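What follows is a single structure, written as structure tokens, with notes after it.
The values are calculated or read from the model by the stated rules, or taken from the named source; none is laboratory data. Treat the numbers as computed from the prediction; the structure is a model and nothing was measured. Every residue, glycine as well, gets a Cβ built from its backbone with ideal geometry; the counts of neighbours run over all protein chains shown. We work out accessible area using only protein heavy atoms, side chains counted, and drop any ligands, DNA or RNA first. Shrake-Rupley method; radii C 1.70, N 1.55, O 1.52, S 1.80 Å.
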Amino acid sequence: MNTVPRHFVGLDLGTSGIRAVVLDAAGRPVSSMRRNWTADERSGRDPGAWSSAVRVLLGQLAARLPGEPVAIAVDGTSGTLLAVDRDGQPLGPALLYHDTRARAQAARLTTLAPRESAAHGAASSAAKLLWLREQGLLRSAARVLHQAEWICGGLLGRYDLGDANNALKLGYDPAEDRWPDWWLAELGPVADLLPRIVPAGTVVGRIDPALARSTGLHPSSRIVAGTTDSIAGFLATGVDDLHTGVTSLGSTLVLKQWSAQPVFDRDTGVYSHRVLGRWLAGGASNTGGAALAVHFTAGQITELSRRIDPQRDSGLAYYPLPATGERFPIHDPGRPPELSPRPADDAHFLHGLLEGIARIEAAGYAHLARLGTEPPSGIVTVGGGAANPQWTALRMRVSGVPVRRAAHEEAAHGAAMLARRAFIDA
């Protein structure tokens, strides 16, 4: 029986639904599917909804690829954590990536974790784990897992593994490739709930036979340890060198770049993932699409942008933020938006906003370079803002380097690429 995967599948569990992308052996996209969350599922906290949606998409996939073995990798929202019993059944709703109830636990972590650890912050899964422990919600738990890790466990039929990318915010040390001693000492007996960690992109086994029968997937299909949604989105771009930055222009501004060494800065939220044997550094500003949405609708931005000459300076020195507080490239929780003077012409005002975000982007890459990355000689853009040609030209002027839109940016595409790399590099 031929057990070599012929197609590579990426599953992306997002905030609005789940998406699947299929690549052929040459890495070309051949199919994609999507299932949006229903009104009852939109909170995103119900793991049962994740599992049901995955099974639906896998059944649709099997119908399109009858009798063909595939390899599957999953990405999920970074920091979304749940506790499960010995059978892998969730013990309650998931704590989502943006849940910041664990503020007291985050404060304790500042006294325990090294400055370079990604365990810092109330939204980290490390803080969430301490909160679950203090609430007495781990008494029946056998494991704590992130969203992608739990789905991967369901595909395998066992729930003992995690991946190094998701584990970063749970306190995992990617440089030492282990759970650090300070964390194990703090957790005590609860440390037994931590999964065994493997690198993202590791082939971890074959699909659970019962799942293969129920979906129609080939029983020799392989499961590959996945990653976070943001890393999968980066992988989708195909950027493979140290001199190209990837900017996400979504509701926030996120910068990522390959680095020859790990770079960390707790104050500005910069940390590095180990991905495919390399280091991927990144940071995120509070500016971005959310700062624009305070003033204009998407349609207004498109119309007003047509009146902007991107080769001219607006003469406005803005620092656009949706609310008070900035985290990268400077850490200043009290920093207010700087948006005056406001001209009477809305196009002029938007020009200043777009230019301000472009300057923050350039300052972000300069900050990463001070920490140890290479200054970018080009920028690839993903997210909604990538479709704005005036903004692209303006950013090119401000940064002084070529800026282009990514050919692919879907996280599911990146997860499929990760699955494919597991076999290409084997």
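Points to keep in mind about this one:
- On Cα atoms only, tilt of 346-371 relative to the major axis of the chain in degrees: 60
- Tensor-based shape of the stretch 240-288 (alpha-carbon gyration tensor, a/c under 1.5 rounded, otherwise prolate or oblate): oblate
- Ranked by how many other beta carbons lie within 10 Å on average, peptides 10-21, 237-248 from highest: 10-21, 237-248
- FRET efficiency, residue 366 to residue 298 (Cβ-Cβ, R0 30 Å, nearest 0.05): 0.50
- Charge context of residue 13, other residues only, Cβ under 15 angstrom, K/R +1, D/E -1: -2
- Rg and Dmax of the chain, Cα atoms only, in Å: 21.7, 71
- For the stretch 176-273: rounded, prolate or oblate by the Cα gyration tensor [a/c cutoff 1.5]: oblate
- Rounded if a/c under 1.5, otherwise prolate or oblate - the stretch 183-341, Cα gyration tensor axes: prolate
- Translational diffusion coefficient of the stretch 1-55 (Stokes-Einstein, Kirkwood radius from Cα pairs, 10 °C, 1.306 mPa s): 127 µm²/s.
- Accessible surface area normalised per residue over the chain is 40 Å², counting heavy atoms of protein chains with a 1.4 Å rolling probe.
- Ellipticity estimate at 222 nm from DSSP helix runs (n ≥ 4, -39,500 (n - 2.57)) divided over the chain, nearest 500: -9500 deg cm²/dmol
- FRET efficiency, residue 175 to residue 107 (Cβ-Cβ, R0 25 Å, nearest 0.05): 0.50
- Dimensions of the stretch 94-209 based on its C-alpha atoms, expressed as ranges along the principal axes with the largest first, amount to 44, 31, 27 Å.
- Subtracting the Cα-Cα distance of residue 16 and residue 312 from 0.36 nm times their residue separation leaves 102.8 nm of extension gain.
- Reference-scaled alpha-carbon Rg (2.2 N^0.38 Å with N residues) for the stretch 344-403: 1.19
- Peptide packing: for 318-325, 381-388, 304-311, the average count of neighbouring Cβ atoms within 10 Å per residue gives the ranking 381-388, 318-325, 304-311, highest mean first.
- Calculated FRET value between residue 6 and residue 198, using beta carbons and R₀ = 22 Å, to 0.05: 0.40
- Label-to-label distance for residue 52 and residue 332 is 4.8 nm, based on points extended 7 Å past Cα in the beta-carbon direction.
- Distance from the stretch 69-120 to the stretch 370-399 (C-alpha centre basis), Å: 31
- Between helix 125-134 and the chain there is an angle of about 60 degrees, using the helix long axis and the longest principal axis of the Cα atoms.
- For the chain, the longest principal axis of the Cα atoms and the long axis of helix 147-156 meet at an angle of about 30 degrees.
- Debye log10 I(q)/I(0) for the stretch 321-426, one point scatterer per Cα, at q = 0.22 Å⁻¹: -1.26
- Near residue 57, once Lys and Arg are set to +1 and Asp and Glu to -1 for all other residues with Cβ below 13 Å from its Cβ, the sum equals +4.
- The packing ranking of peptides 121-133, 288-300, 148-160, highest mean first, is 121-133, 148-160, 288-300, where packing means the average number of other beta carbon atoms within 10 angstrom of each residue.
- Among residues other than residue 281 with Cβ under 13 Å from its Cβ, the summed charge is +1 (Lys and Arg +1, Asp and Glu -1).
- Computing Rg and the Kirkwood Rh from the Cα coordinates of the stretch 17-171 gives a ratio, Rg/Rh, of 1.02.
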